[in-house]
Amino acid sequence: MADKTDPADLAGMFTGLIAQQTEMAQQLFAQFAPALAAGGEDRAMGDMAQWASVSQRLQAMWAEFQSAQAADMAGKLPGLLLGDPGDFAGIMQGWLKALPLSAPETQQKLWQDSVTLWEGVLGQYGIGPRAAEKSEGGVQLPRKDRRFADPKWRDQPFFALVHQTYLLLAEQILALAEQAGTGDAARTEQLKFAARTLVEMLSPAHFPMTNPLVVEKTMATRGENLVKGMEHLLADLKRGQLTHVDPQAFRLGENIATTPGKVVRETPLYQLLQYSPTTENVLEVPLVIFPPWINRFYILDLSPEKSFIRWAVEQGITVFVVSWKSADESMAELVWDDYIRAQIDAIDAVRERLGVSSVHTIGYCVAGTTLAATLAVLARRGQADKVKSATFFTAQVDFEQSGELKVFIDDQQLEALGKLSAQTGYLDGRYMAATFNLLRGNDLIWNYVVKNYLLGEDYPAFDLLHWNGDVTNLPAKWHMSYLKDLYRDNKLVVPDALSADGTPIDLTRIETPAYIQAGREDHIAPAASVWRMTRHLRGPWTFLLAGSGHIAGVVNPPDARKYQYWTNDDIKDVTVAQWMKGAVEHKGSWWPDWREWLSSVDSEEVPVRPHAENSVYHGEAHHDTPIEADDLPGLVEAFHGRIGHWSEWRQ
């Protein structure tokens, strides 16, 4: 039966809940606002009017949103914020049925442990049978978690008991998932992921009445934080994506992606950007960077102080970057062959433009995977010398140990994803963003639920998270092939199991010198998985492990003096864990190490030549000085709004 609930009824239910919480807050937590009780009848009446105003505004906003959804969106509001493709929540419920939560022995242990915990926690406050254990040095709770580090979680026994009980339950649920005998390793990983996602979601920090910081903020602002939080929530629901940063804080070409450059080539699939040199001499061999085609190009050109591109230019490198087009309906039939062909096209365009025989390359994440396939294709065709060196930022080619993303790769979910993108011909990039956010739910989802929706805080200005939310769409056919052929079937490391543009792919034919960077805390491309690339290359390689994760481990400029990295030149034929035992730790950024390695491959330099106006797409060989940066952002943005003509370009 269809749901015929009136939007006004839903709004009334929501408003009633807020009113109940307000009344309970005034009764139970008056200690946060003692002046409230002593303010007299006039103050009380004023407070009642304020809470009534808050309640009415919340009701009106919710009713307006529900009406707009029903009337204008016809039920098509993207389920990306609180829902998921193919009812992933329903899929997870199926996984969780494997947990013996209702088993008598589980219930008995939980009850016994809970009673012991409650007595111990209350005893810290001089309450109950263990009141004599109260410490003079302050409350000492048995379980620690950074989500509850604020002293307000310990100031009152109620909040201490709530969060300590939650941590106990979380421990037991996660332990049950770890010990569950599913008989299938993949199924066990799905169960562990579902259990972790569940306990993260149910944290008392995420509910107004059980979060002391929210209670205090609500009393202090007299509910205005809830109004502001509702505004944030409804804006995100309309947008279909969780907002992490101030949407108006960054503009391409103004405070991010400001390195001077221009568009020197454009195809239906990509634009080729060249950046202005700042040194008198440059390396003779230019650099072509392939960013991930699941994100925007400027990940390596954030704010000027974080820009790898700006830094590389200052190091005397002629830098080119590919900006991939976000998929639209016209790109439904694109496959891996098209991206590999595009990488070869970009390499040839730079060689022709500068009159050089070869280029250095960088492939970041999935573009690094594609770069490895590109190198294999060139090697099979006898054209390996087009690429002088290949650098891989957090890139995988062997997906046997590819981490938690594999929990999303089974026949049921692949079928759901296929249906999701069948109508448009592409996967909406917001689904991909939601998937990556789930991998770090506490940091990328629930932290912002508390700050944005419950506390009603202003959005911060953080360039990296701005880029993270600037999503791109993926061609449907290529996306499904990538998940099935690589993540599920791991065909890329099987010689000639895959082909591109009519050429079989065999990674063992790659003799190009390679620099392979991994992130120690990478949750998207785990270091152990990135390391496995070294098992498949025939040529010389250097492996480097950077501190931090998938983004911060890469975007770590020397001037920041953050993190560290590890090198080990002596041990080769081992696992990454064994490699790490003999590795040497270095403080700070690994960028200078990479620059030194690049010169070890080829250190020849040439003078920068004057700019030639007639060489925007094709022209005489030169390392020229491109036009000002203001032109680049506008051209890139306009490019993403145009429909491509694939049949012409593929011929």
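The values are calculated or read from the model by the stated rules, or taken from the named source; none is laboratory data. Only a predicted model underlies this, so the values are computations on that prediction, with no experimental measurement involved. Positions of Cβ are backbone-derived with ideal geometry, glycine not excepted, and every protein chain shown enters the neighbour counts. All accessible areas refer to the heavy atoms of the entire protein, side chains included, with ligands and DNA or RNA removed. Shrake-Rupley method; radii C 1.70, N 1.55, O 1.52, S 1.80 Å.
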Q) Hey, does the stretch 436-447 have a residue that's outside any helix (DSSP H, G or I) and within 20 Å of the chain's Cα centre (by Cα)? A) yes
Q: Hey, can you tell me all the residues within the stretch 122-152 that are outside any loop (DSSP other than H, G, I, E, B) and modelled with pLDDT under 90?
A: 122, 123, 131, 132, 133
Q. Hey, residue 400 hits all of (1) outside any helix (DSSP H, G or I); (2) of a type in the set (Asp, Glu); (3) touching a Leu at 6+ places or on another chain (Cβ under 9 Å) but one; which does it fall short on?
A. (3)
Q. Taking the stretch 232-284 on its own, how many of its residues are more than 18 Å from residue 296 (Cβ to Cβ), in contact with a His (Cβ under 8 Å, 6 or more places away or on another chain) and among the β-branched types (Val, Ile, Thr)?
A. 1
Q | Unique match (being of a type in the set (Asp, Glu) and either buried (at least 16 other Cβ atoms within 10 Å of the Cβ) or in contact with a helix residue (DSSP H, G or I) (Cβ under 6 Å, 6 or more places away or on another chain) (or both)) among 496, 489, 522 | A | 522
Q.
Given the criteria more than 20 Å from the chain's Cα centre (by Cα) and closer than 23 Å to residue 461 by Cα, does residue 223 qualify?
A. no
Q. Does at least one position in the stretch 422-430 carry a residue that is over 30 Å from residue 319 (Cα atoms) and hydrophobic (A, V, I, L, M, F, W, C)?
A. yes
(Q) Looking at 314, 224, 284, 305 in this structure, which one is over 27 Å from residue 392 (Cβ atoms) and not hydrophobic (A, V, I, L, M, F, W, C)? (A) 224
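To keep it simple, each residue is scored yes or no on (1) touching a strand residue (DSSP E or B) at 6+ places or on another chain (Cβ under 8 Å); (2) farther than 30 Å from residue 443 by Cα.
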site	(1), (2)
246	no, no
250	yes, no
254	no, no
260	yes, yes
265	yes, yes
276	yes, yes
284	yes, yes
294	yes, no
Q. Can you name the number of the only condition in (1) open to solvent by 30 Å² or more (accessible area, probe 1.4 Å); (2) among the polar types (S, T, N, Q); (3) at pLDDT below 80 that residue 106 fails?
A. (1)
Q: Find the residue count for the stretch 471-512, including only residues that are assigned to a loop (DSSP other than H, G, I, E, B) and not small (Gly, Ala, Ser).
A: 14
Q.
Would you confirm whether or not the stretch 385-397 contains a residue that is of a type in the set (A, V, I, L, M), open to solvent by 10 Å² or more (accessible area, probe 1.4 Å), under 23 Å from residue 493 (Cα atoms) and part of a loop (DSSP other than H, G, I, E, B)?
A. no
Q.
Taking the condition of being open to solvent by 20 Å² or more (accessible area, probe 1.4 Å) and either in a helix (DSSP H, G or I) or under 30 Å from residue 127 (Cβ atoms) (or both), how many residues in the stretch 171-193 meet it?
A. 14
Q | Tabulated pairs, the stretch 530-545, first surrounded by fewer than 17 Cβ atoms within 10 Å (Cβ to Cβ), second aliphatic (A, V, I, L, M) and part of a loop (DSSP other than H, G, I, E, B), C-beta under 8 angstrom, 6+ apart or interchain | A | 538/510; 539/510
Q: Would you please name the residue that is nearest to residue 332 (Cα to Cα), looking only at residues in the stretch 425-448 that are open to solvent by 30 Å² or more (accessible area, probe 1.4 Å) and of a type in the set (A, V, I, L, M)?
A: 432
Q | The listed residue being open to solvent by 40 Å² or more (accessible area, probe 1.4 Å) and in contact (Cβ under 8 Å) with a residue 24 or more places away in the chain, out of 161, 168 | A | 161
Q. Of 468, 452, which residue is in a helix (DSSP H, G or I) and touching a Gly at 6+ places or on another chain (Cβ under 9 Å)?
A. 452
Q: Among the numbered conditions (1) of a type in the set (Val, Ile, Thr); (2) in contact with a His (Cβ under 8 Å, 6 or more places away or on another chain); (3) in a loop (DSSP other than H, G, I, E, B), tell me where residue 571 comes up short.
A: (2)
**Q.** Only one of 319, 407, 350 that is in contact (Cβ under 8 Å) with a residue 12 or more places away in the chain, within 30 Å of residue 189 (Cβ to Cβ) and β-branched (Val, Ile, Thr)
**A.** 407
Q | Residue list for the stretch 564-591, restricted to those being within 27 Å of the chain's Cα centre (by Cα) and either at pLDDT 95 or above or among the basic types (Lys, Arg) (or both) | A | 564, 565, 566, 567, 585, 586, 587, 588, 589, 590, 591
